[in-house]
Every structure is written in structure tokens, then in C-alpha cells.
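Novice: If you scroll down you'll find the structure; I have some questions about it.
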Amino acid sequence: MMSEKKLFTRYVSQNILGMLGISIYILADTFFISLAEGADGITALNLVLPVYSLIFAIGAMIGVGSAIRFKILRARKDKDAELYFSNALLWAFAIGIVFILIGILMPEKVVALLGGDERIVAVGKDYTAIFMMFSPFFMWNHICNAFVRNDGAPSVAMAATLCSSLFNVVFDYVLMFLLGLGMRGAALATALSPVLGVSICCVHLLSKKSTIVFRWAVPSAKRLFAACQLGISAFVGEISSGVTTVVFNMLILKLAGNVGVAAYGVVANTSLVAAAVFNGVSQGSQPLLSDYYGRGQTESVRKVVRLGGCAALVMAVLILGVVWALAEPITAVFNHEENTALTAYAVTGLRLYFIGFLFAGFNIVGTGILSAVESAGWAFAASISRGFVAIIVCALVLSALFGMNGVWLAFPAAELLTSALVAAAFRKAFVY
């Protein structure tokens, strides 16, 4: 039997690669859209990114939460464990239908509601309509990935994520440039990638090694709620970027106009790569923590917690160093029009905003740990703080005091405040 350290290294490394895959295809969208549409394209993408984040967040909450329940109950030999997979898929489909209808009936209103003027609405409405019509697949991809990972097949989960990301990058180029579809092509490439991800997950789900079964049954609201309690940190981990984007977009539109929003698009999309690393540590630790916790192996839980904390700190320092050194080249990749105002805003933004990951890494990994050991109340409080309350308050106050620099510093300030709450939660939950 492998030691806790070896299992941690295996699960976390594969999950980091998988989560990086997700962020890479969002970066690919940003890069190709900047080539095809310039600053207006980046602005449109950044304005609708919160909708994308909401769909991902719901899928993550249902998928990760259901997979945690599945893992804990199975460790306790509870037969109710096998009902969580089908319940998650059916609820995701029902919720996805709502997004499909909105995408079909009012995509231009979505873009306008998020701050787009007439020019930006024209650029972004088709992109929004297309990706919203594939909402159930985005959610199913999260669910299947979480269950496959928790069923002892992290390599398959990683392969599904990486292959779907590679598909998106390749077909971004094919559809946008070779076939001349522009923003519609970018949306199609993004929308089809989770279909491939689900298909690859089925390699494990349909194999003899799988202990996961699909059972047709009326969706249970009770099981959905039980799952969402433990998936709330995953939800906020995804939605926080969307909430931050909405608030920042509205403030930046007033302070610096569309160019400022385009600069924030560079910062926000680059930050997704950093967040992916910490989400990889969090989600990679979760199956081990839930299994050890379900079996009552307290010392093993503590070892994995210490490993997760150390990994988060080391990666945060490395990421901050890289971004400070390469802020200008990173900005240049997305600034093909060589807009000097965009460069000035984005370079400063990258360097100030990324200070927040010194605290965000601890918060992301910490809330994941709390969920994995059923400290749902603390995980919820910490998640709501970093995803909603602290970030909104800090953005409003600091932008009023320091303008654009205040906007960039809102993220570090919010994460610092939340880290105090997470530290208190650890002491109360006795998980270290």
C-alpha cells in the first residue's frame, strides 16, 4: 500500500495537470480572439466570462460534492453511495436546460446586462448563445471527472481534461481562421470540448474496474442538498472569478473604459492558470482526505493536510515570482494591436493582483480540505468571504481610494482577510 506522501504526489500532480488543461483552453480562446477581434473581442469575452464561470461552478459544486459523499459513504459501506452519480447527472441536465433557453432566447441581453455597449454586444452575442446551449455538457464533464478521480482513476480524469483542452486549442484555430467563423468558431470549439471530456471519462465508467453505477430514479433534492453542502468550496472556487469579474468590469468601465476592461481580461485569464494550480492541489487532496476521514484514520488526514499546505505555499511564491518577472511579455501575447494604454494597465495589474495568490493558495486548498472532512459550515463561511463579501467590499472601497491600483489590490486584500477566517476554521475543526 502506497504511503500518504506518494498517493498525495500522484493525485495532486495529475489534478494540477488536468486543471491547467482547463485554464489553458480559456487562455487559447483569449489569444485567438485577440488575433481575430482585437481589444473588442477580449472585452466581449471578459464580460461574458461570469456566465461561463457560473455554469462551471454549478457543475463543480454538484460534481465534487456528490463525489465526496460517494467516497465517504462507500468507505463506510453505505449502499446509498451508489445513488449520488445518477442524481448529479440528472440535476445537472435539469439546470442546464435553463441556461440553454436563455442562450437561445436572449444572448444579446446577457451581454448588455454584463456591461456591453452596442459594439460589444454585436461581437459577443453569438459566442454567448453557442456556449450556453452546451451547458449540460460542461456540468456533466465536471461530474464525470470528479467521480472518476474519486473512483481511483486520476489518470483517466487527467487524460479527459487534457485531451478536451487540446481539442479546444486546435479547433479554435481551425474554426476561427481556417473556416473563417471568428467568434462563433471560438464558441463552438469551447462548447464541444466537454463532450470529448465526458467520452474519455466513460472509458473508466464503463469498464470492469469502475464501482460507479448509473441508476434511473427520480432526482432527489435531499441528496442534491447533501452534495452541495460539501461542494460549496468548489462552487465558490469557480464562481469567485465570475463575481470578481462582474464587479471589476463595472468599476473599470467607469475608471478606464473598454481598454481597461480588455486589460483586466488579460489579468483575469492569466490568473485562471494560477487558480488552476491551487484547485489541482485541493481537488487532488480531496479523495485521499475523504477516504481517510471516512475510515477514521486521523493521522493520515493530518499528513495530507500538511502536504497540501506546504505545496500551496511553495507554488504561490513561484507563481508570483514568474508573473513579476514576465508581466510585460505576458501582456504582449494578448496585445497584438500594441495598445500602450492596455499595456500600462495590464502590466501593473498583473503585478499587484497576483500578490493575492500568496493568500489565495492557502484559502483554496484550505476550503477544499474543510469540505473533504465534512466541515461544511466553515468551508461555506470561508468560501462566501473570499468569493463574494470580502472581494466586493474591498473592490468598492479601494477603487474609490486609489482608482485602478485599488481595483488590482482588492483581490490581495480580500484573500488576506479570508486567510484569517480559514486559519480560525482549521483550529476549530481540529484537522491539522
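The values are calculated or read from the model by the stated rules, or taken from the named source; none is laboratory data. Just so you know, these numbers come straight off a predicted model, no measurement behind them. Every residue, glycine among them, receives a Cβ derived from its backbone with ideal geometry; neighbour counts consider all protein chains shown. Just so you know, the surface numbers come from the protein's heavy atoms only, side chains and all, with ligands and any DNA or RNA stripped out. Shrake-Rupley method; radii C 1.70, N 1.55, O 1.52, S 1.80 Å.
Novice: If one takes the longest principal axis of the Cα atoms in the chain, at what angle in degrees, from 0 to 90 and to the nearest 10, does the Cα axis of helix 298-333 lie?
Specialist: Helix 298-333 sits roughly 10 degrees off the main axis of the chain.
Novice: Separate question: Can you tell me the order of 61-73, 27-39, 307-319 when each peptide is scored by its average per-residue count of other Cβ atoms within 10 angstrom, highest first?
Specialist: Working: 61-73: 27.8, 27-39: 20.9, 307-319: 18.2.
Going by the mean number of other Cβ atoms within 10 Å, highest first, we get 61-73, 27-39, 307-319.
Novice: Find out how many positive minus negative residues lie around residue 4, taking Lys and Arg as positive, Asp and Glu as negative, among other residues whose Cβ is under 10 Å from that of residue 4.
Specialist: Working: positive: 5, 6, 302, 303, 306; negative: 299.
Value of the local net charge: +4.
Novice: Whole angstrom only: what separates the Cα centroid of segment 392-432 from the Cα centroid of segment 36-102?
Specialist: Measuring centre to centre over Cα atoms gives 26 Å.
Novice: Roughly how many percent of the accessible protein surface of the chain is carbon and sulfur, given a 1.4 Å probe and a whole-percent answer?
Specialist: Values: 11660 of 16800 Å².
After summing per-atom areas, the C and S share lands at 69 percent.
Novice: Next question. Over the chain, what lengths in whole Å, largest first, do the semi-axes of the equivalent ellipsoid take, defined as the square roots of 5 times the eigenvalues of the alpha-carbon gyration tensor? Numbers along the way, then the final one.
Specialist: Values: eigenvalues 222, 129, 71 Å².
Equivalent-ellipsoid dimensions as semi-axes: 33, 25, 19 Å.
Novice: Would you mind calculating the gained length between residue 207 and residue 250 on full extension (0.36 nm times residue separation, minus the Cα-Cα distance), in nm to one decimal? Walk me through the numbers before you get to the answer.
Specialist: Working: separation 43, 0.36 × 43 = 15.48 nm, distance 4.84 nm.
That works out to 10.6 nm of additional length.
Novice: May I ask you to list the lysines whose Cα is less than 22 Å away from that of residue 125, ignoring any residue fewer than eight positions away on the same chain?
Specialist: 109
Novice: Separate question: Quick one: Karplus J couplings for segment 81-94, per residue in order, coefficients 6.51, -1.76, 1.60, θ = phi - 60°, nearest Hz, x for Gly and Pro?
Specialist: Values per residue, Gly and Pro as x: 4, 6, 8, 6, 5, 5, 4, 5, 5, 5, 5, 4, 5, 4 Hz.
Novice: Which net charge results when you count Lys and Arg as +1 and Asp and Glu as -1 among the other residues whose beta-carbon is under 10 Å from that of residue 182?
Specialist: Details: positive: 184; negative: 37, 126.
Net of charged neighbours comes to -1.
Novice: Given H placed 1.01 Å from N in the peptide plane, which residues other than close sequence neighbours of residue 181 have an amide H under 5 Å from its amide H?
Specialist: Amide H to amide H, under 5 Å and 5 or more residues apart or across chains, residue 181 pairs with 176.
Novice: Taking a Cβ-Cβ separation under 4.7 Å as the criterion for a possible partner, which cysteines of the chain have none?
Specialist: 163, 202, 228, 310, 394
Novice: Could you order peptides 381-392, 133-144, 166-177 by the average number of other Cβ atoms within 10 Å of their residues, highest first? Numbers along the way, then the final one.
Specialist: Values: 381-392: 22.0, 133-144: 25.4, 166-177: 19.1.
Order by mean packing, descending: 133-144, 381-392, 166-177.
Novice: While we're on this one: Once the Cα gyration tensor of segment 188-254 is found, what semi-axes does its equivalent ellipsoid get, as square roots of 5 times the eigenvalues, in whole Å, sorted largest first? Let's see the in-between values first.
Specialist: Details: eigenvalues 222, 81, 22 Å².
Over the Cα atoms of segment 188-254, the semi-axes work out to 33, 20, 11 Å.
Novice: Take the residue pairs 222/303; 77/208; 77/209; 5/208; 5/79; 303/428 and return only those whose Cα atoms are more than 23 Å apart.
Specialist: Values: 222/303 33 Å; 77/208 20 Å; 77/209 18 Å; 5/208 28 Å; 5/79 30 Å; 303/428 18 Å.
222/303; 5/208; 5/79, as the Cα separations exceed 23 Å there.
Novice: Now a separate question. Can you tell me the accessible area per residue over the chain, all protein chains present, probe 1.4 angstrom, in square angstrom? Before the final figure, lay out the partial values.
Specialist: Values: 16800 Å² over 432 residues.
So the chain comes to 39 Å² accessible per residue, rounded to a whole number.
Novice: I would also like to ask the following. Quick one: which of 279-290, 225-236 comes out on top by average Cβ neighbours within 10 Å, and what's the full order, highest first? Before the final figure, lay out the partial values.
Specialist: Values: 279-290: 27.3, 225-236: 24.7.
Top to bottom by mean Cβ count within 10 Å: 279-290, 225-236.
Novice: Mind computing the radius of gyration and Dmax over the alpha-carbon atoms of segment 171-211? Å is fine for both.
Specialist: 14.8, 45
Novice: Largest first and to the nearest Å, give the Cα extent of segment 57-162 along each principal axis.
Specialist: 57, 27, 18
Novice: Could you work out how much longer the chain between residue 199 and residue 393 gets when fully extended? Use 0.36 nm per residue separation minus the Cα distance between them, nm to one decimal. Write out the running numbers ahead of the final one.
Specialist: On the way: separation 194, 0.36 × 194 = 69.84 nm, distance 4.20 nm.
My answer for the length gained is 65.6 nm.
Novice: Another question, if that's okay. With runs of 4+ DSSP H residues as the only contributors, calculate the mean residue ellipticity of the chain at 222 nm using -39,500 (n - 2.57) per run, divided by the residue total and rounded to the nearest 500. Each step should come with its number before you reach the end.
Specialist: Working: 14 runs with 365 residues, N = 432.
Result for the chain: -30000 deg cm²/dmol, rounded to the nearest 500.
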